[in-house]
1. I want to verify a result. In a Gaussian network model of the chain, Cα cutoff 10 Å, which of these has the top mean-square fluctuation: Phe209, Phe112, Phe92?
2. Please express the shape of the stretch 9-243 as an equivalent ellipsoid: the semi-axes are the square roots of 5 times the eigenvalues of the C-alpha gyration tensor, given largest first in whole angstrom.
3. Longer than 20 Å from Cα to Cα, which of Lys69/Lys161; Lys17/Lys55; Lys97/Lys153; Lys55/Lys171; Lys17/Lys161 are they? Say none if no pair is.
4. Tell me, in nm to one decimal, what length is gained between Ala29 and Phe92 on full extension, where the rule is 0.36 nm per residue of separation less the Cα-Cα distance?
5. So what's the back-of-envelope 222 nm ellipticity for the chain, counting only DSSP H runs of four-plus at -39500 (n - 2.57) apiece and dividing by all residues, rounded to 500?
6. Enumerate the residues in the stretch 222-240 having an amide nitrogen under 17 Å from the point lying 7 Å beyond the Cα of Lys171 toward its Cβ.
7. Taking amide H atoms as placed 1.01 Å from N in the peptide plane, list the residues 5 or more away in sequence, or in a different chain, whose amide H sits under 5 Å from that of Ile235.
8. With charges only on Cβ, +1 for K and R and -1 for D and E, what is the dipole size of the chain about its Cα centre, in debye, rounded to 20?
Amino acid sequence: MQLNFSGLRALVTGAGKGIGRDTVKALHASGARVVAVSRTNADLVSLSKECPGIKPVCVDLGDWEATEKALGGVGPMDLLVNNAAVALMRPFLEVTKEDFDRSFSVNLRAVFQVSQIVARGMINRGVPGSIVNVSSMVAHVPFPSLAAYSSTKGAMTTLTKSMALELGPYKIRVNSVNPMVVLTAMGQKVSADPEFSRKLKERHPLKKFAEVEDVVNSILFLLSDRSASTSGSGILVDAGYLAS
């Protein structure tokens, strides 16, 4: 998808790997000035070499105070992609307080915090904006050993709608993308069981998992003016999984 984001500033969390990394690369290639946020500095170093001119920010978004310090003065933004997440795979009965707290602090609370920082800046400048939350199909369909992760993504569905409702009067649109298994490092961990992976593919009408590029293209569409009347919605990037 060829879109022009020249002159716009974008912030992408979870930028070091997978969907976030490819989103940064696509935005950079389309002319945006990108702030790339990751907790892994080595990933930011290599990404900066691939995309000269991006601004890397290394911070653990699960730490509220550190995030405020790192991003509080990040400057004006026009676009935001909340992609950072952790998927701690544990059977429901084995999920610990630490697992639960870590999942919600990174996957949901950080979306609150970073979106507040960016949206306040948009409102103060009086400019429109677009926010995309990277959710998951497990917001709608449970998978084994993903109770905590699924809960964060289910909550993100309501958060996305709430943000769209309250930020809409300021011309800020908020949407989500909901991929099924995507073969990133995280996705490969979820689908590591060959039998489980086979059953998943059999249910997909398209008999395949989504590619990272498919998700990135949906993110770019929602960030762009081509989705100017879309807010509070979620795009399913699931190869037809929910249709079966």
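1. Of Phe209, Phe112, Phe92, the most mobile in the Gaussian network model is Phe92.
2. On the way: eigenvalues 144, 76, 67 Å².
They are 27, 19, 18 Å, listed largest first.
3. Values: Lys69/Lys161 28 Å; Lys17/Lys55 16 Å; Lys97/Lys153 18 Å; Lys55/Lys171 26 Å; Lys17/Lys161 27 Å.
Lys69/Lys161; Lys55/Lys171; Lys17/Lys161, as the Cα separations exceed 20 Å there.
4. Stretched out fully, the Ala29 to Phe92 stretch lengthens by 18.5 nm.
5. Values: 9 runs with 103 residues, N = 244.
Value at 222 nm, helices only: -13000 deg cm²/dmol.
6. 223-231
7. Counting only residues 5 or more places away or on other chains, the set is Ser176, Val177, Asn178.
8. Approximately 340 debye in magnitude.
All of the numbers you see were taken from the coordinates with simple rules; none came from a lab. From a predicted model like this one, the values you see are computed outputs, not experimental measurements. Cβ coordinates were reconstructed from backbone atoms using ideal geometry, including for glycine residues, and neighbour counts include every protein chain displayed.
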